[in-house]
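Participant: Once you've had a glance at the structure underneath, I'll fire off some questions.
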Amino acid sequence: MRIGVIGGLDRNVAALQTLAETQGHEVGFHTGVMAGPASAGALRALVARSELVVIVTDINSHNAVRAARREARLRHRPLKIVRKLGATQFAALLRGVHDALRTAPANDTVVVAA
């Protein structure tokens, strides 16, 4: 599954990337900084190619949160909003994704409750 993470600490990227890869997922990141049209385009592109969007609100701009929520709704992407996202929380989220994918019927929408 492709997961897009918007916001959060840059220092967590490597750990989150490793966790995702060991579980067989791809993860992309956007810092949440919305300085200029290139940042907005990168955020839209990340949401477009993600199958699940995770928005971290603690370290993120208000504009990025609004834009990510809007794009996720427009593209019908499942959305998870969290205040913080460290390795422990991300591992729990991945377990929820894994369990949901394992038990979902074929061609069904997966909702993550982690």
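The values are calculated or read from the model by the stated rules, or taken from the named source; none is laboratory data. Not measured: the values here are computed from a predicted model. Every residue, glycine as well, gets a Cβ built from its backbone with ideal geometry; the counts of neighbours run over all protein chains shown.
Participant: Between V47, V56, V13, which is in contact with a Phe, Trp or Tyr (Cβ under 6 Å, 6 or more places away or on another chain), farther than 19 Å from D99 by Cβ and of a type in the set (A, V, I, L, M, F, W, C)?
Facilitator: Numbers: V47 fails: in contact with a Phe, Trp or Tyr (Cβ under 6 Å, 6 or more places away or on another chain); V56 fails: in contact with a Phe, Trp or Tyr (Cβ under 6 Å, 6 or more places away or on another chain).
Testing whether each residue is in contact with a Phe, Trp or Tyr (Cβ under 6 Å, 6 or more places away or on another chain), farther than 19 Å from D99 by Cβ and of a type in the set (A, V, I, L, M, F, W, C) leaves just V13.
Participant: Now a separate question. Just a yes or no: is a residue in segment 36-44 crowded, with 22+ Cβ neighbours inside 10 Å, in contact with a helix residue (DSSP H, G or I) (Cβ under 9 Å, 6 or more places away or on another chain) and not in a helix (DSSP H, G or I)?
Facilitator: So far as segment 36-44 goes, no, none of its residues is crowded, with 22+ Cβ neighbours inside 10 Å, in contact with a helix residue (DSSP H, G or I) (Cβ under 9 Å, 6 or more places away or on another chain) and not in a helix (DSSP H, G or I).
Participant: Quickly run through segment 10-26 and pick out the residues that are more than 22 Å from E71 (Cα to Cα) and outside any helix (DSSP H, G or I). Step through it out loud before you land on a result.
Facilitator: Start the filter on segment 10-26 by keeping residues that are more than 22 Å from E71 (Cα to Cα), which leaves 10-24.
Matches in segment 10-26: Q23, G24.
Participant: OK, next. What residue, of Q17, Q23, is of a type in the set (S, T, N, Q) and at pLDDT 95 or above? Walk me through it before giving the result.
Facilitator: Working: Q23 fails: at pLDDT 95 or above.
Answer to the selection: Q17.
Participant: Here are some conditions: (1) in contact with a Leu (Cβ under 7 Å, 6 or more places away or on another chain); (2) within 20 Å of Q17 (Cα to Cα); (3) modelled with pLDDT of 90 or more. S50 meets all but one. Which one does it not meet?
Facilitator: Among (1) in contact with a Leu (Cβ under 7 Å, 6 or more places away or on another chain); (2) within 20 Å of Q17 (Cα to Cα); (3) modelled with pLDDT of 90 or more, S50 violates only (1).
Participant: Output the qualifying pairs, or none if there are none: Cβ atoms under 6 angstrom, residues six or more apart or on different chains, first residue in segment 33-47 and within 18 Å of G8 (Cβ to Cβ), second residue crowded, with 17+ Cβ neighbours inside 10 Å and acidic (D, E).
Facilitator: Note: pairs meeting the criteria are V47/E71.
Participant: Which numbered condition trips up A87, out of (1) in contact with a helix residue (DSSP H, G or I) (Cβ under 9 Å, 6 or more places away or on another chain); (2) farther than 14 Å from I3 by Cα; (3) hydrophobic (A, V, I, L, M, F, W, C); (4) surrounded by 15 or more Cβ atoms within 10 Å (Cβ to Cβ)?
Facilitator: (4)
Participant: Quick check on A68: is it over 12 Å from the mean Cα position of the chain (by Cα), farther than 19 Å from L94 by Cα and not aromatic (F, W, Y)? Outline the logic, then answer.
Facilitator: On the way: over 12 Å from the mean Cα position of the chain (by Cα): no; farther than 19 Å from L94 by Cα: yes; not aromatic (F, W, Y): yes.
Taking the combined requirement at face value, the residue does not satisfy it.
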